[in-house]
Amino acid sequence: MATMTETDRHTQVELRAVDASVMLKVRNLNTVLFPVRYTGSFYKSLLQDDQFARLAYYGSMCVGTVTCRKQPLGFADSNMVGQHSQCEMYMMTLGVLAPYRRLGIARGLLESALAAAAQDPSIRRVVLHVQIDNDDALRFYHKHGFATLRMVERYYKLLDPPHAYLLEYVLR
């Protein structure tokens, strides 16, 4: 269990691993935070060994989440498919409730995911998609070392705009 402290407000932020007992909290946060609706199989998959999922608690309040999966290198970018001995971590979600933003919670969630990826020598990079009009998310990820690889047209089937940027953080 990772712990981080927000010193300006003297409030402790705690990151906890996701297990079956808190899956409803993950589902509720995702419903509030993201325009995409995730299926039951998405939530079941978070309990598998190749997944990384954390909840952030501000005091006793669950306020943020990050979910990632390990996949073959290039799975998110068709230009690299075929390198089966190497992997990437795909960040499926990262979000913090609006009243708790700008407290370092998203940074803590991101750093915990990057640290987990760095501990696995087969993971070469962390990748994610960001909707092209999500300027706040793009600034956040660029500030933390991610680079934009390319735009993926019609990535989101039910959102407007449907296009996304593929971002990458190179570990090794």
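The values are calculated or read from the model by the stated rules, or taken from the named source; none is laboratory data. A quick note: this is a predicted structure, and the numbers were derived from the prediction, not measured. Every residue, glycine among them, receives a Cβ derived from its backbone with ideal geometry; neighbour counts consider all protein chains shown. Areas reflect the complete protein model, heavy atoms only, side chains present, ligands, DNA and RNA absent. Shrake-Rupley method; radii C 1.70, N 1.55, O 1.52, S 1.80 Å.
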Quick one: count up the residues across segment 17-63 that are of a type in the set (A, V, I, L, M), more than 15 Å from the chain's Cα centre (by Cα) and surrounded by 15 or more Cβ atoms within 10 Å (Cβ to Cβ).
2
Touching a Ser or Thr at 6+ places or on another chain (Cβ under 6 Å) and either open to solvent by 50 Å² or more (accessible area, probe 1.4 Å) or not aromatic (Phe, Trp, Tyr) (or both) - does that describe any residue in segment 139-150?
no
Quickly run through segment 133-172 and pick out the residues that are of a type in the set (Asp, Glu) and without any contact (Cβ under 8 Å) to a residue 40 or more places away in the chain.
Asp133, Asp135, Asp136, Glu153, Asp160
In segment 88-102, which residue that is aliphatic (A, V, I, L, M) and out of contact with any Lys or Arg (no Cβ under 7 Å at 6 or more places or on another chain) is surrounded by the most Cβ atoms within 10 Å (Cβ to Cβ)?
Met91
Is it fair to say Tyr90 is modelled with pLDDT of 95 or more and assigned to a strand (DSSP E or B)?
yes
Qualifying residue in segment 66-81 (condition: open to solvent by 70 Å² or more (accessible area, probe 1.4 Å), in contact (Cβ under 8 Å) with a residue 40 or more places away in the chain and in contact with a strand residue (DSSP E or B) (Cβ under 9 Å, 6 or more places away or on another chain)):
no
I'm trying to understand the selection: among the residues of segment 151-171, which are farther than 18 Å from Ala113 by Cβ, surrounded by 13 or more Cβ atoms within 10 Å (Cβ to Cβ) and of a type in the set (A, V, I, L, M)?
Val152, Leu159, Ala164
Working only within segment 116-138, note down all residues that are open to solvent by less than 60 Å² (accessible area, probe 1.4 Å) and either more than 15 Å from Tyr90 (Cβ to Cβ) or in contact with a helix residue (DSSP H, G or I) (Cβ under 6 Å, 6 or more places away or on another chain) (or both).
Ala118, Ile123, Val126, Val130, Gln131, Ile132, Ala137, Leu138
